[in-house]
Every structure is written in C-alpha cells, then in structure tokens.
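Each reported figure results from applying straightforward, stated rules to the coordinates on display, with no laboratory input. As the structure is a computational prediction, the values presented were derived from the model and not from experiment. As a convention, Cβ positions derive from the backbone with ideal geometry for all residues, glycine included, and neighbour counts pool all protein chains shown.
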Amino acid sequence: MGNEQWARRVRESLLLPIAHCAFVIGLVIAPVNADPPSAGSAANHYQAGLAYERLGRLQEAYTQLQLACVLDANDPRIALALGIVALRLTREDVAQRNLERSITLDANSAASYYLLALLYEKHKASDRALDSWNRFLELNPDEQLKLEARKHIHFLESNKVVPVS
Amino acid sequence: MSGHRVTWVVVLLVSAGLCSCASHQAVVSPPKPAERIRLLAVQPFDGSGGADVTREFVVALKAAGWAVAGKNQNADALLTGSVNDYSTNHKLMVFLGETNTLTNGKAATVSNPIVTGNGSQILPQGPTTSVNNPHLVSERAVVGVSARLVSQRTTLWGDDFSYESLEFASARQAVVFALVRSLSRALPPGGSQ
C-alpha cells in the first residue's frame, strides 16, 4: 500500500515532467517533413538528394533536389546539384536551366562552367561553349581538366561547327 | 646580216632556257606515293566502338572530298587504326560549396570545384561552409582513336585524338572530324594539287 503510493508520487512528480521535456525537445530537434515549407526543409531535401545520388538512386535524388530548389531558389549549390543529376538523367533542358541559374547565383561556380561547356558543345552553341571553357580555365585548378579545356577551345576555335553526319 | 645574228641570239637564249628548265626538272624528287592517292579504303577499326568509328570515318572522308572504295574496288591507300577509349562513365567529382583546395602545394578556395576521379592534383581540404564535405559524381563520355594511312607497307600519315562529351555520338563525331581534317591537311584529297 505504502509502496504503491510512493510509486505514484514518483511518477507524478518526476516522470511526467521528464516526459514533457523529452517531448518538447524531440519536437525541436527531430527532422520534420512537415508543412509549411521553410529554409530548413530545403536543406533536408538537399541532403536527402545528395544521399540518394550516392546510392545511385538518381530519380529519387532528382525529386528531392527539385523540392529543395522550389523551397530555396537562391542557393547555387542546390541549383548545381540539380543540374548535375538532371544531366545524368539526360534531362538536358532542366540541367541547362539549373546550371545557368547556379552561375547567376554564383559567378565563380567552376563545375557549372565545365558542364555547361559540354552541354553547349553538344547543342552546337560554339560561342557559348568557348565562353564557358575560358571561364572554367580561369577558375578551376585541376591541371588535367585545364588541358582538356584548352583542347576543346582549340578544337572549337579551329572549327566552329562540326558537320552533322 | 644583223637580223640573222639577232635570230641566232634568240635561238641560243631559248635553248639555254630550255636546258636550264630540263636540268631543274631533273632535280625534283619523284612524285611521292601520296600524290597518287585518290581512292581510300577504310578498314574496320579495332577495339570497342570500332564499327561505329569506321562508319563515321566513311561519312567524314566523303564530306571532306575523299573517294572511298567499295568492297571490290582497289584502293590507293588503306585507312586503319584502333579505338583506344570508348567509355561513357568517365567520372568526375564535384565538390559543392566553397572548397579549400591544395594544388601543387598552393592552397586556394574554389567555388564548386570539379576534379578528375583519378590522378587529380587537387586535394579538397573540406568546404568552409560545411563539415560534411558534400560532393556529387558527374559523368562524361570519352572517345579516343589512333588512325593511320598505309600504302604499300608505308605509313603515309598517322595521328591520334581523343575528345570528351556528354554522350558518345558527339565525342565520336568530333574525334573523327579532327582526324580527317589532320589527314586532309597532310595529304590533300585527290592527289597533288
């Protein structure tokens, strides 16, 4: 009898406040996929997109990065990541749009210039490809890729239009 | 009398000129084998993608003004070679955000650097904005071809070229176009000009 009362008192006095605290803390720190959208959820979608990309699940990565992009249209990293995944899924319109946006948001985004140069070359936009290769040369320190850029510049300058077979 | 003398002088001058021309011609080396080349045969290229590259060469050679021999025709020279690289999954690593890099001992901060998968001289030191060092893989196609033109066991021309693109067709087209242009510069199509 005494024990039961004591136990009830302990539950009422200690456990309930602890449980309340735990619940409140959980609400604050737990990842929430809830509405309304916020900058925080854009970051979550961005991280999820990168995680899916690492697993090779490109379609899921694409969806997550699109959501991140909708929620935060001013982050050049999100635009670049979406551009890269879209390129691997051969969604070239989406890729080009987002790579160009990543450059609008960050004019020094080296990878964006590299990928845009290849994209422009594929679409026979030689002048834009040349601009992108030259900008890439200024920004990216990888010597191997610099050699590649110089080769592409030489090829494009000596022949502006590759004949279509 | 003086008219005869003038005539003789003219005759002597003309014959001297002819002699000098004849002696100059004798110095000229015999025509090179390349100058007789009008018809090329394209032998299937070795290696992965060889059939596609061979087809591309036939189209590009014709576009550049070369005559390409059919199956039962005797050609003046044989175009042959190998495909050294024909892959779509050449991987590149893109580091997202401002990234501290170390290249040949030089530290620099680069926004969204892209590096080759292997043998890169860049060592990303981790982005300044994140502890997670986020990165993505990007892929490109690479086609590399070695080609040579052979006539009577003599190599008349040889070159190699590789090119990167988002997909095979563009890379292959660029490589073949560059090699045909190199060939046409070395040996203009249709023989001596």
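Loop-only trypsin sites (Lys or Arg not before Pro) in segment A:36-137, please: DSSP not H, G, I, E or B, and at most 15 other Cβ atoms within 10 Å.
Here the sparse-neighbourhood loop sites are A:Arg57, A:Lys124.
Using a basic spin-label model with each label point 7 Å from the Cα along Cα→Cβ, how many nm lie between A:His154 and A:Ala107?
3.1 nm
Hey, what do the phi angles of segment A:54-68 turn into as Karplus ³J(HN,Hα) couplings, whole Hz, using 6.51/-1.76/1.60 and θ = phi - 60°, x for Gly and Pro?
5, 7, x, 8, 5, 5, 5, 4, 4, 4, 4, 6, 5, 4, 4
Where the only charges are on Cβ atoms (+1 Lys, Arg; -1 Asp, Glu), what is the dipole of segment A:64-131 about its Cα centre, to the nearest 20 debye?
Around 200 debye, computed over segment A:64-131.
Hey, rough spin-label estimate for B:His90 and A:Asn74, points 7 angstrom out along Cα→Cβ, what's it come to in nanometres?
3.9 nm
What are the residues whose amide H is under 5 Å from the amide H of B:Val42, where those residues sit 5 or more places off or on another chain and H is modelled from the backbone?
Counting only residues 5 or more places away or on other chains, the set is B:Ala69, B:Leu79.
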